[in-house]
Amino acid sequence: METHFSKEQLKNKDNLSSEKILRKCVHCGFCNATCPTYQLLGDELDGPRGRIYLIKDMLENNKPANEKIVKHIDRCLSCYSCMTTCPSGVNYMHLIDHGRSHIEKTYKRPFSDRFIRGFLSRVLSKSINFRVIVILTRFIKPFRFFFPKRVREMINLMPGKFPKKTLKKMQIYPTRKKKPVARVALLTGCVQKVISPQINEATIRLLNRHDIEVVVPKGIDCCGSLNHHLGKSDLAHQFFRKNISIWYDEYLKNGLDAIISNTSGCGTTLKDYGFIFRSDKDFKKKAEKISELTRDISEYLDANVKLNFIKNKENKKEYKIAYHSACSMQHGQNIHHVPINLIKKTGNQVFDIPDGHLCCGSAGTYNLLQNDIAKKLLKNKISNIEKVNPQFITTGNIGCITQIANGTNIAISAVASVKTSGVFVTTIFLFIAASRSMFPKPTAKLEIILTLSESFEMTSASNFSLREVSIPSHSLL
Ligand code: SF4
Ligand code: SF4
């Protein structure tokens, strides 16, 4: 694509990067074929090619954003499906990030928009703020019908109560052996640690059992992606810098073999820190190191951990599991087969979901800000999941777990770890998202609570017995 940036404009690092991206685009429109919003809305401007033109026009002509541009850019999920389709290697992720930041700087949104986006930015990225809001929401929930639709939908998505924690909060989770085989930092996330601490706990247990020491350094909350995707670059950079400094210090002082993310949305952003700080002389080297160290939990297990799968004679049952490949995992990090293969090793059947490249509508704060489109995407996702008739759904992203659990009664789990007591079985699933404690209404047929003894028990099984669920055919010890 021809570009017309002036020399002066190209002194700006973001313009320079965006110009390179734009020049790669050959207008072919292949990307439209896999864009969820283009498929739903059928408008060229709601597809990647149209959005690329809108961003190009704003940046090249130093134009402030307007209502029309904002509408179409806001409708983008940042699912990056277009990136894995594009034959020319256009980095749409970096371009849309630049576009969003430009919108935030040049466009004054209506008051209600500013208020809601500001609220989400401040509340969701700080776990303490989020906890307070969850508690307050309990009191206003019975009166939610008096609120505008958008607020009402947000209230509906708030968890009813906090799940019970089973691990003591520590900064270092040591291994049983005196000398660990590796030392990793775990990003516990902002929203995740409030609504689903079990995912982090299971990750720690799994790593510890494989003699890997886990560090959760104090001071790290949000990865920064929430504000980054809202176009709030300054706020996002505050999180980025803080995280980079803390992890880099830990890496220098005590050594880190990896930084583990068990939520692919956050992992994608961590892996992008190097690019984000590409021109920052103080942070460039540190940010590159953090990105280099970052691994999704499935990626790390597959490449670095010798997992022993022991045939469990007692177990004869295979489960049908639908694997939902989160967009940030498959399109953002290009990880798709690794989690599937890990799950298959437990002896269960894993099914790809038809049209699995399409987003479930979660996309960070998208299901809160673009509720109508998100609901349509969820409906399509659930209908595709039902086509494979699974007993469980599993995925590697907390946002997708929350979204999908709100649309189906099929139990959904995070790809993590559980060790059952008594039968010595470790699986790579953590059956948590079906828990009533996570969601405002019981959305699944199973409720499984992890206990301190690393066992899990089912408290409200309607379709499965405890024995059936707790014994996958292979164990992982
Ligand atoms: S990121 Fe997703 S929604 Fe946005 S243009 Fe690309 S495919 Fe479409
Ligand atoms: S597929 Fe790639 S090259 Fe073709 S229009 Fe889309 S972004 Fe441009």
Scan GLY47, GLY89 and give me the residue that is loosely packed, with under 14 Cβ neighbours inside 10 Å, of a type outside the set (Val, Ile, Thr), modelled with pLDDT of 95 or more and under 29 Å from the mean Cα position of the chain (by Cα).
GLY89
Scanning the range 33-45 residue by residue, the ones that are closer than 25 Å to PRO354 by Cα and more than 8 Å from ligand 1 (Cβ to nearest atom) total 7
Starting from the range 180-206, keep only residues that are farther than 14 Å from PRO217 by Cβ and among the hydroxyl-bearing types (Ser, Thr, Tyr), then list their pairs with residues that are in a loop (DSSP other than H, G, I, E, B) and modelled with pLDDT of 85 or more whose Cβ atoms are within a distance under 6 Å, requiring at least 6 positions of separation or different chains.
THR203/ASN262
When you scan the range 209-232, how many residues do you find that are part of a helix (DSSP H, G or I) and either modelled with pLDDT of 95 or more or buried (at least 21 other Cβ atoms within 10 Å of the Cβ) (or both)?
5
Which of the helices (runs of 4 or more DSSP H) contained wholly in the range 236-352 include at least 1 residues that are surrounded by fewer than 18 Cβ atoms within 10 Å (Cβ to Cβ) and not aromatic (Phe, Trp, Tyr)?
284-293, 297-304, 337-344
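The values are calculated or read from the model by the stated rules, or taken from the named source; none is laboratory data. Just so it is clear, the structure is predicted and the values come from calculations on it, not from any experiment. Here Cβ is always computed from backbone atoms with ideal geometry, including for glycine, and neighbour counts include all displayed protein chains.
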